[in-house]
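One structure is given below, encoded as structure tokens.
None of the figures in this text is laboratory data; all of them are computed from the coordinates on show. What you see is a predicted model; the values in this text were computed from it and never measured. Neighbour counts are summed over all protein chains in view; Cβ atoms, including those assigned to glycine, are modelled from backbone coordinates with ideal geometry.
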């Protein structure tokens, strides 16, 4: 149950919106992280670089920073033979973020980032819901012990895995924010529509303090998801918008970049707020420069009417065109934590 002891609910009592951060993976790649490497190892091996990413987002104006733990569950760690280091690396990342947040001179929420296991759950896949829940609980406990204020469950595409993550985080005693990813015809990979996802979120074993969409295939499509979620929301619901910074582009060096400019992210942020989002940030490709543009855009404008699809396409491009292009690129790009 949401209570005023939850930091997000408490902050939103006096503020119309909160600013989330941008992409952890993108910024670590810019600092030298190799494609395919376990970014979470940098929580102990490259402490100053990880802290610099947190600091960059705090300096840009983020009210919420996500830990460098997107893939830090036992099943994703098995790909790197790191299963025995779940507690160590989650704890370390949360502690680093806590240090940066506490010295900021203002309230900054540390969100323990929890991405999917990478497996499809039964009956369509090999992983049981109980196994997934236990993995998420293990991760959430370490994040809480390291100093995380909330669990931030993101990039989910299946209702059953989302429920397993919620149960695991709740067992660790953390308030929960959850986001799903919509990138195939306005649905998740398992066919969930945004409005249905919002309605379903009210029936989870623990209702998230905020629920929304992240990643996907660019700002126009993310806005489409937010508009859809608003249709299934009640006035008390807090919607999250965390869009990729434009569309992914694969370079000749096989490195992925994103074509979003600060101006595009500023327009996206205003439209997201107008569509009903109260937590707004960026996902893959988003740097502190883009977050600063989001902060300035929202601070220098007032909330307007709900945008039409014509408004979205005029400012951010065609939703359908973006979908086709990004799906092509997504099949070619490596998986990363942002």
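Quick one: Kirkwood hydrodynamic radius for the range 4-146, alpha-carbon pairs, angstrom, one decimal? Answer for the range 4-146: a Kirkwood hydrodynamic radius of 15.9 Å.
With each label point set 7 Å from Cα along the Cα-Cβ vector, what nm distance links residue 236 and residue 44? Here the answer is 4.3 nm between the modelled labels.
Would you mind ranking 54, 268 so that the residue whose beta carbon has the fewest other beta carbons within 10 Å leads the list? Intermediate results must be reported in sequence, preceding the final value.
Details: 54 27, 268 31.
Neighbour counts put them in this order, fewest first: 54, 268.
Residues 128, 286, arranged from fewest to most other Cβ atoms within 10 angstrom of their Cβ, appear as 128, 286.
When the Gaussian network model of the chain links Cα atoms closer than 10 Å, the mean-square fluctuations of 18, 124, 316 top out at 124.
For the range 7-330, what is the relative contact order in percent, using Cα pairs closer than 8 Å and at least 6 residues apart in sequence?
That works out to 17 percent.
So what's the projected area for the chain, the Cα convex hull averaged over all directions, in nm²? Computing the convex hull of the Cα atoms and averaging its projections yields 15.1 nm².
Here each label is just a point 7 Å from Cα along the line to Cβ, and for residue 14 and residue 88 those points are 4.2 nm apart.
For 75, 182, what ranking results if the residue with the fewest other Cβ atoms within 10 Å of its Cβ goes first? Each step should come with its number before you reach the end.
Numbers: 75 17, 182 27.
With the fewest neighbours first, 75, 182 line up as 75, 182.
With each label modelled as a point 7 angstrom along the Cα→C-beta vector, the residue 99-residue 59 pair spans 1.7 nm. Estimated from helices alone, the mean residue ellipticity of the chain at 222 nm is -13500 deg cm²/dmol (sum of -39500 (n - 2.57) over DSSP H runs with n ≥ 4, per residue).
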